[in-house]
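The values are calculated or read from the model by the stated rules, or taken from the named source; none is laboratory data. For clarity, every value in this text was computed on a predicted model and none was experimentally measured. Cβ placement follows ideal geometry from the backbone for every residue including glycine, while neighbour counts extend to all protein chains displayed. Side chains are part of the model used for accessible areas, which takes the heavy atoms of the whole protein and leaves out ligands, DNA and RNA. Shrake-Rupley method; radii C 1.70, N 1.55, O 1.52, S 1.80 Å.
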Amino acid sequence: MWLGTAAAADTAVVDGIKSVVSSRIVTFSEVEDYSRPAVDALRRQYFSQPEVYQQKVSQTLDDSMQQLVERLLILHSFDTEGYKLPDSVVDDLVQERIRERFGDRITFMKTLQAQGMTVEQFRKQVRDQYIESALRNQNVQRAIFVSPYKVENYYEAHTNDYQVEDEIKLRMIVLTKSGPDDTNTLKLAREIQSQIKDGASFTQMATVYSQGSQQHQGGDWGWVDRSVLRKELADTAFALKPGVVSEPVDTPDTVYLMLVEQTRPAHVRPLTEVASEIEKTLRIQEQASLQKKWIDGLKKKTFIRYF
């Protein structure tokens, strides 16, 4: 009985088994509870697209079930491979969680009561989460060495991913109009433009007059390509020579003044600039591969049945 489709289900069905891992079961309600935050987000996102919503919910529930099965596989591995977690350690973990999430024990107890959870259930939840995290860290998150050779090979195979379009280093003064008949804002823009041409600092004028989000940075937009700007702004900005202030760009609701400080032609980002990004990508890929191998190995050693 999945969330979002429960109304059409037989209301007499209180719960059911979704899967069995060794001697432990994953119930429909467990999957639904685990999925609830994601399903609530999907409901808000796709409230006007019921068919898409149902598809997304179905996929989310399937993913959640697999995650719960993995958790049980890991906990089963912990039990069968001779690991031990002293009660004193669990006690410390519970106390730490109470301090972090609830502040004090009174709030903790009231919250558990509201959620219909016992202290023992909460303790087991904390213990299981710690075990899962520790074993994942041991088997998957361990340090992975990514050689410079692998980084270079990845870079050469994905050069197009690091192609950068023409860019400009841009400053902009943004002046918002008071209404459709406002002509004063354009006049102000021309006055600011004149002062800058007479020697006033564009940065200072932006700090004083601009109403854009970069006002306190002197109108600094940093390096941008055409896709960052609306068309009329991009056409004007990319036609400017460095150091030249644009004519006011008058749009229905805003007037803009722009200054291009530098230009940078289209290029491929060098390996030295992207090496750390590539190393992170390769490390994530390797961790995903390690996790799959580890979980597949646990599955081969454990009875699993889906319903």
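At a 10 angstrom cut-off on C-beta neighbours, averaged per residue, how do the peptides 110-116, 197-203 rank from highest to lowest? Working shown, then result.
Details: 110-116: 10.7, 197-203: 12.7.
Ranking the peptides 110-116, 197-203 by packing returns 197-203, 110-116.
Probe radius 1.4 Å, ligands and nucleic acids left out: which of R71, R190 has the largest accessible area, and how do the rest follow?
Values: R71 60, R190 120 Å².
Result, largest first: R190, R71.
Could you go through segment 247-258 in sequence order and give the Karplus-derived ³J(HN,Hα) for each residue, using 6.51 cos²θ - 1.76 cosθ + 1.60 with θ = phi - 60°, rounded to whole Hz, and x for Gly and Pro?
So the J values, rounded to whole Hz, are 5, x, 9, 9, 10, x, 10, 8, 10, 10, 10, 10.
Once label points are set 7 Å from the Cα along Cα→Cβ at both R44 and E191, what is their separation, rounded to one decimal in nm?
4.4
Which ³J(HN,Hα) values, rounded to whole Hz and listed in residue order, are derived for segment 45-62 from phi using the Karplus coefficients 6.51, -1.76 and 1.60 in 6.51 cos²θ - 1.76 cosθ + 1.60 with θ = phi - 60°, glycine and proline given as x?
6, 10, 4, 9, 10, x, 5, 5, 4, 5, 5, 5, 5, 4, 5, 5, 5, 5
Taking the solvent-accessible surface of protein heavy atoms with a 1.4 Å probe, what is the per residue accessible area of the chain in Å²? Walk me through the numbers on the way to the answer.
Numbers: 18760 Å² over 307 residues.
Result: 61 Å² of accessible area for each residue.
Residues with amide H under 5 Å of I304's amide H, sequence separation 5 or more or different chain, H placed in the peptide plane at 1.01 Å from N; which?
Residues meeting the amide H criterion: S22.
At a 1.4 Å probe radius, carbon and sulfur cover how many percent of the accessible area of the chain?
Working: 9510 of 18760 Å².
The value for the chain is 51 percent carbon and sulfur by accessible area.
Please list, in order along segment 287-301, the HN-Hα scalar couplings obtained from phi with the Karplus expression 6.51 cos²θ - 1.76 cosθ + 1.60 (θ = phi - 60°), rounded to whole Hz, x for Gly and Pro.
5, 5, 5, 4, 5, 4, 4, 5, 5, 4, x, 5, 5, 5, 9
Along its principal axes, what span do the Cα atoms of the chain show, with the longest given first and each in whole Å?
Taking the Cα atoms of the chain, the three principal extents are 81, 52, 43 Å.
If the chain between S147 and V244 were fully stretched, how many nm would it gain, using 0.36 nm times the residue separation less the Cα-Cα distance?
Details: separation 97, 0.36 × 97 = 34.92 nm, distance 4.62 nm.
So the chain would gain 30.3 nm between S147 and V244.
To the nearest 0.05, how large is the calculated FRET efficiency for E120 and S227 if R₀ is 45 Å and r is the Cβ-Cβ distance? It would help to have the intermediate numbers written out before the result.
Values: r = 55 Å, r/R0 = 1.23.
The calculated FRET efficiency here is 0.25.
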